[in-house]
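The next block holds one structure in the form of structure tokens; read it before the comments.
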Amino acid sequence: MTEESQGFSESADVPVDETDRSAEQGSGSADQAGPGAPAGDAGNAGDGAARKEAETARTQLAERTADLQRVQAEYQNYRRRVDRDRIAVKEIAVAGLLTELLPVLDDIGRAREHGELVGGFKSVGESVESVAAKLGLQQFGKEGEPFDPLVHEALMHSYSPEVTETTCVSILQPGYRIGERTIRPARVAVAEPQPGAQGRADEDVADEESGGPDEG
């Protein structure tokens with residue numbers, strides 16, 4: 001009985017509790033140290049992914065903005081081109097119509113010059129001229145103005161001591177324009193200075209500047 005009691009005491013002295021506590025502490029240390037390192041790596045990886053996504057978003061935003069600006073510029077150019085084409089088509093159509101009316105306007109002008117634009121014919125003629133003016137038709141060509149081959153067509157030619165340059169001395173048919181477009185040049189008779197007249201005029205000017213011709 002005494003020997004068994006002593007044996008039991010010896011076996012009870014084995015540090016079972018300390019071993020369990022050491023195992024629990026080791027397990028706790030592993031639990032604390034284990035998740036700590038992966039958590040830091042995951043945080044850094046998450047920050048890098050967020051920065052990459054933000055950079056990608058900024059790049060896409062810049063590309064979409066550039067696309068939108070390009071589309072807007074193309075649309076503005078298209079609108080301007082359509083407006084120019086619309087104006088050009090309108091001018092061409094109006095010019096074609098008024099070109100067909102020029103002979104009628106010439107007849108009205110000749111009738112006025114001869115005093116035949118009277119009565120109902122006068123009213124009709126003035127109405128036609130008013131409509132043509134509203135459509136932008138302008139008449140040009142006056143006697144005494146310098147000859148310009150861009151807007152004048154010379155049908156007659158002569159020399160005159162009364163002119164110092166090629167001059168329109170008679171308007172045979174007036175010219176017509178719409179805006180800057182000439183639809184018919186003015187048909188005119190022109191006169192040029194007489195040959196040698198310019199030289200004599202220069203000599204007269206020189207004599208006047210020098211006090212007159214020398215007396216013999």
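The values are calculated or read from the model by the stated rules, or taken from the named source; none is laboratory data. Predicted, not measured: the structure shown is a model, and the values here were computed from it. Reconstructed Cβ throughout: ideal geometry from the backbone, glycine too, with neighbour counts over all protein chains shown.
Points worth noting:
- Residue identified as closer than 15 Å to Arg187 by Cα, in a helix (DSSP H, G or I) and either without any contact (Cβ under 8 Å) to a residue 24 or more places away in the chain or in contact with a His (Cβ under 7 Å, 6 or more places away or on another chain) (or both) among Arg110, Arg70: Arg110
Each row is one residue, and each column tells you yes or no for (1) part of a helix (DSSP H, G or I); (2) assigned by TED's automatic domain parsing to the domain that holds Glu129; (3) at pLDDT below 90.
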residue: Thr19; (1), (2), (3): yes, no, yes
residue: Glu24; (1), (2), (3): yes, no, yes
residue: Gly34; (1), (2), (3): yes, no, yes
residue: Ala54; (1), (2), (3): yes, yes, yes
residue: Thr99; (1), (2), (3): yes, yes, no
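- Residues that are in contact with a Gly (Cβ under 8 Å, 6 or more places away or on another chain) and either in contact (Cβ under 8 Å) with a residue 60 or more places away in the chain or assigned to a strand (DSSP E or B) (or both) within segment 125-139 comprise just one, Gln139.
- Failed item in (1) in contact with a helix residue (DSSP H, G or I) (Cβ under 9 Å, 6 or more places away or on another chain); (2) assigned to a loop (DSSP other than H, G, I, E, B), with Lys142 passing the rest: (1)
- Verdict on Ile171 being touching a residue at least 40 places away in the same chain (Cβ under 8 Å) and of a type outside the set (Gly, Ala, Ser): no
- Residue within segment 116-124 that is surrounded by 13 or more Cβ atoms within 10 Å (Cβ to Cβ), of a type in the set (A, V, I, L, M) and not in a helix (DSSP H, G or I) present: yes
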